[in-house]
């Protein structure tokens, strides 16, 4: 039997370093010139504290020197009415890319501000010269983080959404992440989104209990806080010391957001954005053809980048050799629905019938080869071909499918209280990310990056 082989460390569906040096950039007047960070019109402190070039885990590690423990003093109700009590920053629906942002057009808004960012362009490998508006929208879609929030954070930290920078401004690391792999607007916002996701989903699944600020101080969020507010506390802690962090989280950022986009809690009340307590998953099948041998190569792990929602599973088809090889195997649709996005190795299928990935159930199929990939607008019936698995669309050392679910813009944990179930196979998380299993009746398959027999399964007509 052919063995499906894939390296565990390779599945990071986050962005590759897409911004590249272009020799003609200096001659292009639309390219952002290096500039120096300045305070925004909201009175934000001028400096951005550089971060060490280290990965941020979903549960921050402590310094060897015991830091001071600071606890927030305000205990507040779980859901405020029209005006949140101190401690809340934004509702969840303004953090994830939810139905509350359906009427928001990033390009129209940015161009209407007449600020520096509206004229900014960046050279990306995949799309060439790309406007800031298109970069923000792309990051928002890929990470499912609200584009309004990304704009507000840019404005809070730099002031370039509604204004212009001082001479000498450095745009390459404008959000404070000093890392070549996150250079440029696309790289910086991708990193910002991953930190927001780490805080949001870490708080929801209970793995995040403490937050370490940029100067080493540890804070413990009040247990009553919503995930969206903790996500912002977590992100801001990566780029701010205590005094600036307290200023931002105790009203300054929320005030700026309201000034830019209106009262955020009213948006939540006017649009249904929550995850219902009685939410159930629709019937889904395994994402490959009947009779084909595939392997569960990764259990529950982050959807995008190396931190965030443990919502993804990986499957690889049987191949004669390992690595990024072409295959005739097909990824198939797990349910009926229309393709609402097909680009950069990703296919997103809307299952709710309204043609929007921010509402109801949506399925992400990642690492789909460009040749034979289902096109935008295609209506897929259950079992129809989506495309061939590949290494396109992110860091990957082996041909495979990366699949995840979201509801109303929020990624749903694959091994959580509403587990991923396909053809009767139920996903379970392991002790660590990428570990885990699928069970059906008395049978269990365990995730293995090497496609060993304990990870192999097939789909039959009787399973569906």
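The values are calculated or read from the model by the stated rules, or taken from the named source; none is laboratory data. Since we're looking at a predicted model, the values are computed, not measured. Don't worry about glycine lacking a Cβ; one is built from the backbone with ideal geometry, like all the others, and counts go over all protein chains shown.
Observations on the structure shown:
- Considering segment 430-464, and only residues there that are over 27 Å from residue 323 (Cβ atoms) and touching a helix residue (DSSP H, G or I) at 6+ places or on another chain (Cβ under 9 Å), the residue that is surrounded by the fewest Cβ atoms within 10 Å (Cβ to Cβ) turns out to be 444.
- Segment 385-405, residues that are under 19 Å from the mean Cα position of the chain (by Cα) and crowded, with 23+ Cβ neighbours inside 10 Å: 393, 396, 401, 402, 403, 404, 405
- Residues that are surrounded by fewer than 16 Cβ atoms within 10 Å (Cβ to Cβ) and either farther than 26 Å from residue 178 by Cβ or without any contact (Cβ under 8 Å) to a residue 12 or more places away in the chain (or both) occur at least once in segment 300-322.
- Within segment 225-259, being within 24 Å of the chain's Cα centre (by Cα) and surrounded by fewer than 18 Cβ atoms within 10 Å (Cβ to Cβ) holds for one residue alone: 258.
- Any hit, segment 398-413, residues being in contact with a strand residue (DSSP E or B) (Cβ under 6 Å, 6 or more places away or on another chain), free of Cβ contacts under 8 Å to residues at least 40 places away in the same chain and either farther than 26 Å from residue 290 by Cβ or assigned to a strand (DSSP E or B) (or both): no
- Screening residue 246 with (1) farther than 27 Å from residue 361 by Cα; (2) touching a residue at least 12 places away in the same chain (Cβ under 8 Å) gives one miss only, at (2).
- Checking the stated criteria, residue 370 turns out not to satisfy the condition of being part of a strand (DSSP E or B) and touching a residue at least 12 places away in the same chain (Cβ under 8 Å).
- Going through (1) touching a strand residue (DSSP E or B) at 6+ places or on another chain (Cβ under 9 Å); (2) over 25 Å from residue 99 (Cα atoms); (3) surrounded by fewer than 23 Cβ atoms within 10 Å (Cβ to Cβ) one by one, residue 378 falls short only on (2).
- Qualifying residue in segment 322-331 (condition: under 18 Å from residue 286 (Cα atoms), in a strand (DSSP E or B) and at pLDDT 95 or above): yes
- Search result, residues across segment 416-444 that are free of Cβ contacts under 8 Å to residues at least 60 places away in the same chain and farther than 22 Å from residue 280 by Cα: 431, 432, 442, 443, 444
- Within segment 384-397, tally of residues that are assigned to a strand (DSSP E or B) and at pLDDT below 95: 1
- Note on segment 95-106: among residues that are part of a helix (DSSP H, G or I) and modelled with pLDDT under 95, the one that is surrounded by the most Cβ atoms within 10 Å (Cβ to Cβ) is 100.
- Among (1) closer than 29 Å to residue 450 by Cβ; (2) touching a helix residue (DSSP H, G or I) at 6+ places or on another chain (Cβ under 7 Å) - the single one residue 341 does not satisfy: (1)
- Matching residues, segment 135-155, being out of contact with any helix residue (DSSP H, G or I) (no Cβ under 7 Å at 6 or more places or on another chain) and on the phi < 0 side of the Ramachandran plot: 138, 141, 142
- Set 236, 286: member being outside any strand (DSSP E or B), free of Cβ contacts under 8 Å to residues at least 24 places away in the same chain, in contact with a helix residue (DSSP H, G or I) (Cβ under 8 Å, 6 or more places away or on another chain) and closer than 30 Å to residue 431 by Cα: 236
- Subset of segment 339-367 (residues that are surrounded by 19 or more Cβ atoms within 10 Å (Cβ to Cβ) and either out of contact with any strand residue (DSSP E or B) (no Cβ under 9 Å at 6 or more places or on another chain) or assigned to a loop (DSSP other than H, G, I, E, B) (or both)): 344, 345, 351, 357, 358, 359, 367
- Being surrounded by 21 or more Cβ atoms within 10 Å (Cβ to Cβ) and under 21 Å from the mean Cα position of the chain (by Cα) holds for only one residue in 161, 139, and it is 139.
- Flag if residue 334 is assigned to a loop (DSSP other than H, G, I, E, B) and touching a residue at least 40 places away in the same chain (Cβ under 8 Å): yes
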